[in-house]
Amino acid sequence: MDSIIIQGGKPLQGSITASGAKNAALPLLAAAILADEPVIFHRMPHLRDISTMLTLLANQGADVSIDDKEQIRVDTTGSTRAEAPYELVKTMRASALVLGPLLARFGTAMVSLPGGCAIGARPIDMHLKGLEAMGAEIHVEQGNVYADAKNGLKGAPVVFSNVTVTGTENLMMAAVLARGDTTLENAAREPEVVGLAESLRQMGASIEGDGTDCIRIQGVDRLSGGTLTVVSDRIETGTYLAAGLITGGDVTVTDTDAGMLEAYLERLSEAGAHIETGNDWIRCRANGRLRGISIETSPHPGFPTDLQAQFMAIMCVAEGKSVISETIFENRFMHVQELQRMGANIQLDGHTAIVQGVEHLSGAPVMATDLRASASLVLAGLAAEGKTSVSRVYHIDRGYERIEEKLKRLGANIERITPSEHMVYGGQVVNF
Ligand code: EPU
(Lines give C-alpha, C1' and ligand atoms only; values in the text may rest on other atoms or scores of the structure.)
Protein backbone atom coordinates (compact mmCIF):
# COMPACT_ATOMS: atom_id res chain seq x y z
CA MET A 1 0.00 0.00 0.00
CA ASP A 2 1.31 3.46 -0.93
CA SER A 3 2.28 6.05 1.66
CA ILE A 4 2.78 9.77 1.37
CA ILE A 5 5.85 11.22 3.02
CA ILE A 6 5.90 14.93 3.81
CA GLN A 7 8.69 17.10 5.14
CA GLY A 8 6.62 19.90 6.63
CA GLY A 9 7.05 23.55 7.48
CA LYS A 10 7.36 25.06 4.01
CA PRO A 11 4.90 27.83 3.03
CA LEU A 12 3.16 26.83 -0.19
CA GLN A 13 3.04 29.35 -3.01
CA GLY A 14 1.69 29.37 -6.51
CA SER A 15 -1.23 28.40 -8.65
CA ILE A 16 -2.87 25.10 -9.57
CA THR A 17 -5.89 24.05 -11.58
CA ALA A 18 -8.94 22.39 -10.06
CA SER A 19 -9.99 19.02 -11.45
CA GLY A 20 -13.52 17.93 -12.29
CA ALA A 21 -15.49 17.00 -9.17
CA LYS A 22 -15.73 13.34 -8.18
CA ASN A 23 -19.17 13.88 -6.68
CA ALA A 24 -20.40 15.54 -9.86
CA ALA A 25 -18.76 13.01 -12.19
CA LEU A 26 -20.25 9.92 -10.53
CA PRO A 27 -23.95 10.83 -11.09
CA LEU A 28 -23.10 12.03 -14.60
CA LEU A 29 -21.67 8.61 -15.46
CA ALA A 30 -24.78 6.97 -14.03
CA ALA A 31 -26.88 9.29 -16.23
CA ALA A 32 -25.27 7.71 -19.30
CA ILE A 33 -27.54 4.71 -18.61
CA LEU A 34 -30.51 6.92 -19.53
CA ALA A 35 -29.20 7.98 -22.94
CA ASP A 36 -30.00 6.11 -26.12
CA GLU A 37 -26.80 7.41 -27.70
CA PRO A 38 -23.14 7.52 -26.59
CA VAL A 39 -22.12 10.17 -24.06
CA ILE A 40 -18.70 11.83 -23.99
CA PHE A 41 -17.36 13.34 -20.79
CA HIS A 42 -15.03 16.34 -20.54
CA ARG A 43 -12.97 17.00 -17.46
CA MET A 44 -13.51 13.59 -15.94
CA PRO A 45 -11.08 13.32 -12.99
CA HIS A 46 -8.62 10.41 -12.89
CA LEU A 47 -9.76 8.82 -9.66
CA ARG A 48 -10.27 5.39 -8.24
CA ASP A 49 -14.02 5.99 -7.71
CA ILE A 50 -14.40 6.95 -11.37
CA SER A 51 -12.69 3.71 -12.44
CA THR A 52 -15.06 1.81 -10.16
CA MET A 53 -18.11 3.46 -11.76
CA LEU A 54 -16.77 2.74 -15.26
CA THR A 55 -16.21 -0.90 -14.29
CA LEU A 56 -19.77 -1.02 -13.00
CA LEU A 57 -21.13 0.32 -16.31
CA ALA A 58 -18.91 -2.02 -18.35
CA ASN A 59 -20.13 -4.89 -16.19
CA GLN A 60 -23.68 -4.03 -17.28
CA GLY A 61 -22.59 -4.32 -20.91
CA ALA A 62 -21.73 -0.69 -21.68
CA ASP A 63 -18.97 0.12 -24.12
CA VAL A 64 -16.45 2.31 -22.30
CA SER A 65 -13.45 3.87 -24.02
CA ILE A 66 -10.97 6.72 -23.64
CA ASP A 67 -9.93 8.79 -26.64
CA ASP A 68 -6.55 10.40 -27.30
CA LYS A 69 -7.71 13.64 -25.60
CA GLU A 70 -8.40 11.60 -22.46
CA GLN A 71 -12.14 12.10 -22.89
CA ILE A 72 -14.23 9.20 -21.67
CA ARG A 73 -16.94 7.84 -23.93
CA VAL A 74 -19.70 5.68 -22.53
CA ASP A 75 -22.19 3.92 -24.79
CA THR A 76 -24.84 2.06 -22.81
CA THR A 77 -27.05 1.25 -25.81
CA GLY A 78 -25.84 -2.37 -25.70
CA SER A 79 -26.19 -2.75 -21.91
CA THR A 80 -28.23 -5.74 -20.84
CA ARG A 81 -27.54 -6.36 -17.15
CA ALA A 82 -29.53 -4.04 -14.87
CA GLU A 83 -27.45 -4.75 -11.82
CA ALA A 84 -24.77 -3.46 -9.48
CA PRO A 85 -23.15 -6.38 -7.65
CA TYR A 86 -21.82 -6.26 -4.10
CA GLU A 87 -18.17 -6.63 -5.18
CA LEU A 88 -18.35 -3.18 -6.75
CA VAL A 89 -20.90 -1.48 -4.47
CA LYS A 90 -18.93 -2.37 -1.35
CA THR A 91 -15.91 -0.41 -2.60
CA MET A 92 -17.95 2.67 -3.45
CA ARG A 93 -21.31 3.57 -1.92
CA ALA A 94 -22.07 5.94 -4.78
CA SER A 95 -22.66 2.82 -6.95
CA ALA A 96 -26.22 3.07 -5.61
CA LEU A 97 -26.60 6.01 -8.03
CA VAL A 98 -27.28 3.54 -10.84
CA LEU A 99 -30.51 2.34 -9.21
CA GLY A 100 -32.75 5.17 -10.47
CA PRO A 101 -31.33 5.18 -14.01
CA LEU A 102 -31.47 1.36 -14.34
CA LEU A 103 -35.06 1.28 -13.18
CA ALA A 104 -36.03 4.10 -15.55
CA ARG A 105 -34.32 2.42 -18.50
CA PHE A 106 -34.98 -1.32 -17.92
CA GLY A 107 -38.01 -1.32 -15.60
CA THR A 108 -36.03 -3.54 -13.27
CA ALA A 109 -32.81 -3.35 -11.26
CA MET A 110 -30.78 -5.28 -8.72
CA VAL A 111 -28.40 -3.14 -6.69
CA SER A 112 -26.56 -4.43 -3.69
CA LEU A 113 -27.16 -2.49 -0.48
CA PRO A 114 -24.11 -0.36 0.21
CA GLY A 115 -24.12 -0.96 3.97
CA GLY A 116 -22.35 1.32 6.42
CA CYS A 117 -19.00 2.96 5.88
CA ALA A 118 -16.26 4.54 7.94
CA ILE A 119 -18.03 7.88 8.35
CA GLY A 120 -21.44 6.55 9.33
CA ALA A 121 -24.35 4.18 8.69
CA ARG A 122 -25.45 5.96 5.50
CA PRO A 123 -28.66 4.10 4.65
CA ILE A 124 -30.44 4.61 1.29
CA ASP A 125 -33.99 4.36 2.66
CA MET A 126 -34.98 7.76 1.23
CA HIS A 127 -33.86 6.70 -2.26
CA LEU A 128 -36.01 3.58 -1.99
CA LYS A 129 -39.09 5.38 -0.59
CA GLY A 130 -38.92 7.90 -3.43
CA LEU A 131 -38.75 5.15 -6.06
CA GLU A 132 -41.69 3.38 -4.39
CA ALA A 133 -43.69 6.61 -4.59
CA MET A 134 -42.94 6.53 -8.33
CA GLY A 135 -44.51 3.10 -8.63
CA ALA A 136 -41.54 0.79 -8.12
CA GLU A 137 -41.97 -2.42 -6.17
CA ILE A 138 -38.97 -2.88 -3.96
CA HIS A 139 -37.82 -5.67 -1.75
CA VAL A 140 -34.52 -6.31 -0.03
CA GLU A 141 -33.24 -9.86 0.08
CA GLN A 142 -29.83 -11.16 1.11
CA GLY A 143 -28.37 -7.67 1.08
CA ASN A 144 -29.63 -6.83 -2.40
CA VAL A 145 -32.26 -4.31 -3.42
CA TYR A 146 -34.59 -5.72 -6.07
CA ALA A 147 -36.67 -3.02 -7.75
CA ASP A 148 -39.32 -3.51 -10.41
CA ALA A 149 -41.46 -1.10 -12.37
CA LYS A 150 -42.80 -3.35 -15.12
CA ASN A 151 -45.19 -0.73 -16.44
CA GLY A 152 -42.61 2.02 -16.14
CA LEU A 153 -42.11 4.64 -13.46
CA LYS A 154 -44.70 7.37 -13.01
CA GLY A 155 -44.11 10.88 -11.78
CA ALA A 156 -44.97 11.56 -8.14
CA PRO A 157 -44.55 14.15 -5.39
CA VAL A 158 -41.63 13.19 -3.15
CA VAL A 159 -40.75 14.93 0.10
CA PHE A 160 -37.36 13.99 1.56
CA SER A 161 -37.38 13.76 5.35
CA ASN A 162 -33.73 14.92 5.35
CA VAL A 163 -31.57 16.48 2.70
CA THR A 164 -29.80 13.76 0.72
CA VAL A 165 -27.43 14.54 -2.14
CA THR A 166 -27.25 11.20 -3.96
CA GLY A 167 -30.91 10.55 -3.04
CA THR A 168 -31.92 13.74 -4.88
CA GLU A 169 -29.70 12.76 -7.83
CA ASN A 170 -31.01 9.19 -7.98
CA LEU A 171 -34.65 10.29 -8.02
CA MET A 172 -34.01 13.11 -10.47
CA MET A 173 -32.51 10.56 -12.88
CA ALA A 174 -35.39 8.15 -12.33
CA ALA A 175 -37.94 10.92 -12.92
CA VAL A 176 -36.60 12.24 -16.23
CA LEU A 177 -37.93 9.22 -18.13
CA ALA A 178 -40.99 8.62 -15.91
CA ARG A 179 -44.55 9.28 -17.13
CA GLY A 180 -45.79 12.63 -15.86
CA ASP A 181 -44.48 15.13 -13.33
CA THR A 182 -42.32 14.61 -10.27
CA THR A 183 -41.57 17.16 -7.57
CA LEU A 184 -38.68 16.64 -5.19
CA GLU A 185 -39.17 18.68 -2.02
CA ASN A 186 -36.49 19.32 0.57
CA ALA A 187 -34.12 18.47 -2.29
CA ALA A 188 -30.35 18.91 -2.01
CA ARG A 189 -29.06 22.21 -3.42
CA GLU A 190 -25.44 21.14 -3.85
CA PRO A 191 -23.64 22.42 -6.98
CA GLU A 192 -23.18 18.78 -8.07
CA VAL A 193 -26.98 18.37 -8.15
CA VAL A 194 -27.21 21.49 -10.30
CA GLY A 195 -24.43 20.14 -12.54
CA LEU A 196 -26.38 16.92 -13.02
CA ALA A 197 -29.62 18.80 -13.80
CA GLU A 198 -27.81 20.95 -16.37
CA SER A 199 -26.36 17.88 -18.05
CA LEU A 200 -29.69 16.07 -18.09
CA ARG A 201 -31.32 19.15 -19.65
CA GLN A 202 -28.60 19.12 -22.28
CA MET A 203 -29.63 15.52 -23.02
CA GLY A 204 -33.27 16.57 -23.45
CA ALA A 205 -34.71 16.33 -19.93
CA SER A 206 -37.20 18.83 -18.58
CA ILE A 207 -36.07 19.95 -15.10
CA GLU A 208 -36.67 23.19 -13.18
CA GLY A 209 -35.80 24.45 -9.75
CA ASP A 210 -32.40 22.77 -9.30
CA GLY A 211 -30.35 24.81 -6.86
CA THR A 212 -33.50 25.38 -4.76
CA ASP A 213 -35.10 22.89 -2.36
CA CYS A 214 -37.91 22.08 -4.78
CA ILE A 215 -37.03 20.44 -8.10
CA ARG A 216 -39.74 19.84 -10.70
CA ILE A 217 -39.23 17.24 -13.42
CA GLN A 218 -41.48 16.56 -16.39
CA GLY A 219 -40.89 13.10 -17.80
CA VAL A 220 -39.79 12.84 -21.46
CA ASP A 221 -39.72 9.85 -23.83
CA ARG A 222 -35.99 9.71 -24.46
CA LEU A 223 -32.66 11.28 -23.63
CA SER A 224 -30.00 11.81 -26.26
CA GLY A 225 -26.24 11.52 -25.86
CA GLY A 226 -23.82 14.40 -26.26
CA THR A 227 -20.77 15.88 -24.64
CA LEU A 228 -21.04 16.68 -20.95
CA THR A 229 -18.61 18.66 -18.78
CA VAL A 230 -17.98 17.84 -15.14
CA VAL A 231 -18.18 20.88 -12.81
CA SER A 232 -15.05 21.85 -10.90
CA ASP A 233 -14.24 20.16 -7.63
CA ARG A 234 -15.08 22.62 -4.84
CA ILE A 235 -13.81 20.24 -2.15
CA GLU A 236 -10.48 19.77 -3.90
CA THR A 237 -10.31 23.57 -4.36
CA GLY A 238 -11.02 24.09 -0.66
CA THR A 239 -8.36 21.55 0.27
CA TYR A 240 -5.60 23.26 -1.75
CA LEU A 241 -6.60 26.67 -0.40
CA ALA A 242 -6.33 25.14 3.07
CA ALA A 243 -2.84 23.86 2.18
CA GLY A 244 -1.77 27.43 1.46
CA LEU A 245 -3.29 28.80 4.64
CA ILE A 246 -2.07 26.11 7.03
CA THR A 247 1.52 26.67 5.85
CA GLY A 248 1.26 30.47 6.01
CA GLY A 249 1.50 30.61 2.21
CA ASP A 250 -0.28 32.10 -0.78
CA VAL A 251 -2.19 29.74 -3.08
CA THR A 252 -4.41 30.38 -6.08
CA VAL A 253 -6.73 27.74 -7.52
CA THR A 254 -7.93 28.31 -11.08
CA ASP A 255 -10.71 26.74 -13.17
CA THR A 256 -12.87 26.84 -10.09
CA ASP A 257 -15.92 28.73 -8.86
CA ALA A 258 -15.94 30.83 -5.70
CA GLY A 259 -19.75 30.84 -5.79
CA MET A 260 -19.74 27.13 -4.87
CA LEU A 261 -17.64 27.75 -1.77
CA GLU A 262 -19.24 30.82 -0.22
CA ALA A 263 -19.75 29.46 3.30
CA TYR A 264 -16.22 28.03 3.43
CA LEU A 265 -14.55 31.18 2.12
CA GLU A 266 -16.57 33.35 4.53
CA ARG A 267 -15.36 31.30 7.47
CA LEU A 268 -11.75 31.39 6.28
CA SER A 269 -12.00 35.13 5.92
CA GLU A 270 -13.46 35.40 9.42
CA ALA A 271 -10.45 33.41 10.64
CA GLY A 272 -8.17 36.05 9.13
CA ALA A 273 -7.39 34.71 5.64
CA HIS A 274 -7.01 37.24 2.81
CA ILE A 275 -9.20 36.09 -0.01
CA GLU A 276 -9.49 37.39 -3.55
CA THR A 277 -11.75 35.88 -6.16
CA GLY A 278 -12.20 36.28 -9.90
CA ASN A 279 -14.44 34.74 -12.51
CA ASP A 280 -12.84 31.33 -12.26
CA TRP A 281 -10.12 31.62 -9.61
CA ILE A 282 -9.67 32.00 -5.86
CA ARG A 283 -6.54 33.24 -4.10
CA CYS A 284 -6.00 32.75 -0.34
CA ARG A 285 -3.17 34.20 1.72
CA ALA A 286 -2.35 34.02 5.39
CA ASN A 287 -0.60 36.87 7.13
CA GLY A 288 0.65 35.01 10.16
CA ARG A 289 -1.50 32.65 12.23
CA LEU A 290 -5.22 32.49 11.61
CA ARG A 291 -7.72 32.90 14.47
CA GLY A 292 -9.74 30.02 15.88
CA ILE A 293 -13.41 30.28 14.85
CA SER A 294 -16.34 27.91 15.21
CA ILE A 295 -18.24 26.14 12.45
CA GLU A 296 -21.14 23.74 12.05
CA THR A 297 -21.52 21.59 8.95
CA SER A 298 -24.84 21.62 7.10
CA PRO A 299 -26.19 20.89 3.63
CA HIS A 300 -25.38 23.39 0.87
CA PRO A 301 -25.24 26.39 1.00
CA GLY A 302 -23.95 25.72 4.53
CA PHE A 303 -20.44 24.70 5.53
CA PRO A 304 -19.69 21.42 3.67
CA THR A 305 -19.07 18.31 5.73
CA ASP A 306 -16.50 17.32 3.09
CA LEU A 307 -14.30 20.24 4.22
CA GLN A 308 -14.77 19.79 7.96
CA ALA A 309 -11.62 17.69 8.48
CA GLN A 310 -9.46 20.05 6.42
CA PHE A 311 -10.82 23.07 8.32
CA MET A 312 -10.07 21.32 11.58
CA ALA A 313 -6.45 20.83 10.50
CA ILE A 314 -6.18 24.61 9.96
CA MET A 315 -7.76 25.27 13.36
CA CYS A 316 -5.22 22.96 15.03
CA VAL A 317 -2.51 25.60 14.42
CA ALA A 318 -4.72 28.71 14.68
CA GLU A 319 -4.63 31.11 17.60
CA GLY A 320 -7.30 30.38 20.20
CA LYS A 321 -10.26 28.06 20.37
CA SER A 322 -12.51 26.62 17.70
CA VAL A 323 -15.66 24.55 18.13
CA ILE A 324 -16.42 22.28 15.20
CA SER A 325 -19.83 20.59 15.03
CA GLU A 326 -20.52 17.80 12.54
CA THR A 327 -24.24 17.48 11.82
CA ILE A 328 -24.31 15.35 8.65
CA PHE A 329 -22.44 12.15 9.50
CA GLU A 330 -22.28 10.53 12.93
CA ASN A 331 -18.70 9.30 12.74
CA ARG A 332 -16.76 11.88 10.83
CA PHE A 333 -14.09 12.68 13.40
CA MET A 334 -11.70 9.84 12.72
CA HIS A 335 -8.94 12.29 11.86
CA VAL A 336 -9.02 13.61 15.44
CA GLN A 337 -6.95 10.84 16.99
CA GLU A 338 -4.40 11.02 14.22
CA LEU A 339 -4.15 14.82 14.52
CA GLN A 340 -3.67 14.36 18.27
CA ARG A 341 -0.70 12.12 17.49
CA MET A 342 0.82 15.11 15.73
CA GLY A 343 0.39 17.27 18.81
CA ALA A 344 -3.04 18.80 18.17
CA ASN A 345 -5.10 19.75 21.21
CA ILE A 346 -8.60 18.48 20.45
CA GLN A 347 -11.35 17.30 22.77
CA LEU A 348 -14.29 15.37 21.46
CA ASP A 349 -17.77 15.73 22.87
CA GLY A 350 -20.22 13.72 20.79
CA HIS A 351 -20.69 15.49 17.47
CA THR A 352 -18.53 18.40 18.55
CA ALA A 353 -14.76 18.82 18.55
CA ILE A 354 -13.17 21.55 20.63
CA VAL A 355 -9.83 22.55 19.18
CA GLN A 356 -7.36 24.64 21.12
CA GLY A 357 -4.81 25.87 18.61
CA VAL A 358 -1.15 25.06 19.22
CA GLU A 359 1.84 26.90 17.76
CA HIS A 360 3.31 23.85 16.06
CA LEU A 361 2.34 20.35 15.09
CA SER A 362 5.07 17.76 14.91
CA GLY A 363 5.46 15.23 12.12
CA ALA A 364 4.45 11.64 12.91
CA PRO A 365 3.41 8.43 11.19
CA VAL A 366 -0.39 8.62 10.78
CA MET A 367 -2.99 6.49 9.08
CA ALA A 368 -5.67 7.58 6.65
CA THR A 369 -9.14 6.32 7.54
CA ASP A 370 -11.41 7.90 4.96
CA LEU A 371 -11.06 10.26 2.06
CA ARG A 372 -11.43 13.67 3.69
CA ALA A 373 -9.82 12.61 6.97
CA SER A 374 -6.77 11.61 4.92
CA ALA A 375 -6.67 15.01 3.27
CA SER A 376 -6.62 16.68 6.70
CA LEU A 377 -3.60 14.55 7.68
CA VAL A 378 -1.73 15.62 4.56
CA LEU A 379 -2.51 19.26 5.43
CA ALA A 380 -1.33 18.77 9.01
CA GLY A 381 1.84 17.13 7.67
CA LEU A 382 2.52 20.13 5.42
CA ALA A 383 2.38 22.44 8.45
CA ALA A 384 4.15 20.18 10.93
CA GLU A 385 7.78 20.33 11.95
CA GLY A 386 9.66 17.29 10.67
CA LYS A 387 8.51 14.25 8.75
CA THR A 388 4.97 12.89 8.49
CA SER A 389 4.12 9.67 6.75
CA VAL A 390 0.48 9.08 5.86
CA SER A 391 -0.25 5.43 5.21
CA ARG A 392 -3.26 3.85 3.43
CA VAL A 393 -3.38 6.65 0.89
CA TYR A 394 -5.72 4.65 -1.32
CA HIS A 395 -8.41 6.59 0.54
CA ILE A 396 -6.99 9.85 -0.86
CA ASP A 397 -6.75 8.40 -4.36
CA ARG A 398 -10.51 7.88 -4.31
CA GLY A 399 -11.05 11.62 -4.43
CA TYR A 400 -7.87 13.60 -5.16
CA GLU A 401 -6.23 13.47 -8.56
CA ARG A 402 -2.43 13.16 -8.12
CA ILE A 403 -2.46 15.06 -4.83
CA GLU A 404 1.29 14.85 -4.30
CA GLU A 405 2.02 16.20 -7.80
CA LYS A 406 -0.29 19.17 -7.32
CA LEU A 407 1.16 19.96 -3.89
CA LYS A 408 4.68 19.63 -5.26
CA ARG A 409 3.79 22.25 -7.85
CA LEU A 410 3.04 24.58 -4.93
CA GLY A 411 6.48 23.88 -3.48
CA ALA A 412 5.62 21.13 -0.98
CA ASN A 413 8.26 18.64 -0.01
CA ILE A 414 6.12 15.55 -0.56
CA GLU A 415 6.68 12.08 -2.06
CA ARG A 416 4.58 9.02 -2.70
CA ILE A 417 6.25 5.80 -1.68
CA THR A 418 5.00 2.62 -3.29
CA PRO A 419 5.71 -0.72 -1.60
CA SER A 420 8.41 -1.58 -4.12
CA GLU A 421 10.30 1.48 -2.90
CA HIS A 422 10.30 0.25 0.67
CA MET A 423 13.40 -1.59 1.76
CA VAL A 424 13.31 -4.07 4.60
CA TYR A 425 16.41 -3.57 6.69
CA GLY A 426 17.13 -5.52 9.84
CA GLY A 427 13.45 -6.46 10.12
CA GLN A 428 12.35 -2.82 9.79
CA VAL A 429 10.78 -1.13 6.80
CA VAL A 430 12.91 1.79 5.71
CA ASN A 431 11.74 4.45 3.24
CA PHE A 432 14.21 5.86 0.80
N1 EPU B 1 -29.31 9.49 4.77
C2 EPU B 1 -30.29 8.67 5.26
N3 EPU B 1 -31.07 7.98 4.36
C4 EPU B 1 -30.89 8.08 3.02
C5 EPU B 1 -29.88 8.91 2.54
C6 EPU B 1 -29.10 9.62 3.43
O7 EPU B 1 -30.48 8.56 6.47
O8 EPU B 1 -31.62 7.42 2.28
C9 EPU B 1 -28.49 10.26 5.72
C10 EPU B 1 -27.01 9.91 5.65
O11 EPU B 1 -26.72 8.77 6.43
C12 EPU B 1 -26.35 11.18 6.15
C13 EPU B 1 -27.28 12.27 5.61
O14 EPU B 1 -28.53 11.63 5.33
O15 EPU B 1 -26.37 11.19 7.55
C16 EPU B 1 -26.79 12.95 4.36
O17 EPU B 1 -26.33 11.99 3.43
P18 EPU B 1 -26.39 12.19 1.87
O19 EPU B 1 -27.34 11.21 1.31
O20 EPU B 1 -26.56 13.62 1.52
O21 EPU B 1 -24.91 11.74 1.48
P22 EPU B 1 -24.51 10.98 0.18
O23 EPU B 1 -25.40 11.41 -0.92
O24 EPU B 1 -24.39 9.53 0.45
C25 EPU B 1 -22.86 12.77 -0.77
C26 EPU B 1 -21.41 12.82 -1.12
C27 EPU B 1 -20.58 12.77 0.16
C28 EPU B 1 -20.96 13.99 0.99
C29 EPU B 1 -22.46 13.96 1.29
C30 EPU B 1 -22.95 15.19 2.05
C31 EPU B 1 -21.37 11.75 -3.28
C32 EPU B 1 -20.97 10.59 -4.11
N33 EPU B 1 -21.10 11.68 -1.98
O34 EPU B 1 -23.05 11.54 -0.07
O35 EPU B 1 -19.23 12.87 -0.24
O36 EPU B 1 -20.25 13.97 2.21
O37 EPU B 1 -23.19 13.89 0.05
O38 EPU B 1 -22.64 16.34 1.38
O39 EPU B 1 -21.90 12.73 -3.79
C40 EPU B 1 -16.90 12.59 0.02
O41 EPU B 1 -16.76 13.01 -1.14
O42 EPU B 1 -15.93 12.45 0.82
C43 EPU B 1 -18.24 12.25 0.50
C44 EPU B 1 -18.45 11.46 1.55
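Computed quantities for the displayed model
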| quantity | calculated |
| --- | --- |
| Any hit, the stretch 57-77, residues being within 15 Å of the ligand (Cβ to nearest atom), within 24 Å of A197 (Cα to Cα) and surrounded by 20 or more Cβ atoms within 10 Å (Cβ to Cβ) | no |
| Among residues of the stretch 229-275, those that are open to solvent by 10 Å² or more (accessible area, probe 1.4 Å), within 30 Å of R73 (Cα to Cα), touching a Lys or Arg at 6+ places or on another chain (Cβ under 6 Å) and outside any strand (DSSP E or B), counted | 1 |
| Candidates A84, A104, A118 - the one that is of a type in the set (G, A, S), open to solvent by 10 Å² or more (accessible area, probe 1.4 Å) and over 25 Å from C214 (Cα atoms) | A118 |
| Residues located in the stretch 130-162, provided they are part of a helix (DSSP H, G or I) and open to solvent by less than 10 Å² (accessible area, probe 1.4 Å) | G130, L131 |
| Within the stretch 288-313, tally of residues that are within 15 Å of the ligand (Cβ to nearest atom), in a strand (DSSP E or B) and not aliphatic (A, V, I, L, M) | 3 |
| Pick from the stretch 146-161, criterion in contact with a helix residue (DSSP H, G or I) (Cβ under 7 Å, 6 or more places away or on another chain) and over 19 Å from V220 (Cα atoms), ranking: farthest from the ligand (Cβ to nearest atom) | A147 |
| Selection count where residues are open to solvent by 10 Å² or more (accessible area, probe 1.4 Å) and within 16 Å of the ligand (Cβ to nearest atom), scope the stretch 398-421 | 2 |
| Single condition A175 does not satisfy, out of (1) within 12 Å of the ligand (Cβ to nearest atom); (2) open to solvent by less than 10 Å² (accessible area, probe 1.4 Å) | (1) |
| All positions within the stretch 87-106 that are within 11 Å of the ligand (Cβ to nearest atom) and touching an Asp or Glu at 6+ places or on another chain (Cβ under 8 Å) | M92, A94, L97 |
| In the stretch 110-127, the residues that are of a type in the set (A, V, I, L, M), within 22 Å of A197 (Cβ to Cβ) and either more than 8 Å from the ligand (Cβ to nearest atom) or at pLDDT 95 or above (or both) | M126 |
| Filtered residues of the stretch 181-208 (kept if away from the ligand (no atom under 15 Å from the Cβ) and either modelled with pLDDT under 95 or open to solvent by less than 20 Å² (accessible area, probe 1.4 Å) (or both)) | T182, L200, M203, A205, I207 |
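The values are calculated or read from the model by the stated rules, or taken from the named source; none is laboratory data. This one's a predicted model, so the numbers in the text were calculated from it and none came from an experiment. Glycine gets a Cβ as well: all are built from the backbone with ideal geometry, and neighbour counts include every protein chain shown. Please note that ligands, DNA and RNA were not included when accessible areas were found on the heavy atoms of the full protein model with its side chains. Shrake-Rupley method; radii C 1.70, N 1.55, O 1.52, S 1.80 Å.
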